Amino acid sequence: MPVLRLFQLLAISLTLLFNSCGPRDLSEKTADTAPSISELAIWSDTDTETDESEAPPSIWDITKRHNSFSTFSLLMEVAGLDETLKSEQQITVLAPTEEAFKKLGEGSLVELLKEDNRWILEELLLSHVIPDVHHAEDLNDGETRPTLSGHRLLVKKDPELMLSNATVTTPDISARNGVVHIVDQVILPN
């Protein structure tokens with residue numbers, strides 16, 4: 001029963017959060033050390049040698065520390081998939097923003113957090129993770145890429161880079177264990 005209460009508490013908290021939040025500035029920080037999206041993009045473009053103390057953050061660090069991905073990182077933790085983003089396995093993550101989750105509708109997150117729907121939550125989240133590193137320039141129009149959920153994402157490049165229903169708004173944020181592309185939609189498994 002304690003697990004059920006945890007899910008209920010999280011569901012209520014998320015409902016309140018989404019009902020009370022207005023539009024946010026995407027450069028808002030959760031902590032003084034959390035980089036803004038523009039800082040992440042600029043950092044990714046630099047190709048300088050760094051010492052151990054300046055090593056790039058992991059994908060988990062990027063998504064966990066930044067307000068723009070708080071729902072995504074919270075859901076990854078709830079589903080027990082946060083280790084996927086912390087591991088040294090090289091991956092590509094399509095990170096939906098808070099605005100992307102708002103587009104799902106008011107009751108969607110509550111439904112996903114129900115114990116009976118855990119497998120749906122896991123499948124949804126793993127549809128945002130592609131094995132190996134795929135920079136924007138490596139993705140060709142018309143091809144598909146498999147996700148860790150087993151679904152394939154269709155790549156479209158005309159006029160913008162899209163993976164299935166999601167447009168990449170900020171590509172190629174480098175991380176120690178791969179790359180993050182920020183997307184404007186939650187990718188729904190087909």
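The values are calculated or read from the model by the stated rules, or taken from the named source; none is laboratory data. Since the model is a prediction, treat every value here as computed from it, not as a measurement. Cβ sites come from the backbone with ideal geometry, for glycine too, and all protein chains shown count toward neighbours. Surface areas here come from the heavy atoms of the whole protein model, side chains and all, with no ligands, DNA or RNA. Shrake-Rupley method; radii C 1.70, N 1.55, O 1.52, S 1.80 Å.
Among the residues making up segment 166-177, those that are open to solvent by 10 Å² or more (accessible area, probe 1.4 Å), touching a strand residue (DSSP E or B) at 6+ places or on another chain (Cβ under 9 Å) and not acidic (D, E) are T167, V168, T169, T170, P171, S174, A175. Every condition in (1) in contact with a helix residue (DSSP H, G or I) (Cβ under 9 Å, 6 or more places away or on another chain); (2) surrounded by 15 or more Cβ atoms within 10 Å (Cβ to Cβ); (3) in contact (Cβ under 8 Å) with a residue 60 or more places away in the chain is met by L163 except one, and the failing one is (1). Working only within segment 74-90, note down all residues that are under 19 Å from N177 (Cβ atoms) and surrounded by fewer than 22 Cβ atoms within 10 Å (Cβ to Cβ). Across segment 74-90, the qualifying residues are E77, A79, G80, L81, D82, E83, T84, K86, S87, E88, Q89, Q90.
Each row is one residue, and each column tells you yes or no for (1) within 13 Å of the chain's Cα centre (by Cα); (2) β-branched (V, I, T).
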residue	(1), (2)
P131	no, no
G142	no, no
L153	no, no
T169	yes, yes
D184	yes, no
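Taking first residues from segment 143-160 that are within 15 Å of L126 (Cα to Cα) and partners that are hydroxyl-bearing (S, T, Y) and part of a strand (DSSP E or B), the Cβ contacts under 7 Å between residues at least 6 apart in sequence or on separate chains come to R152/T144; L153/T144.
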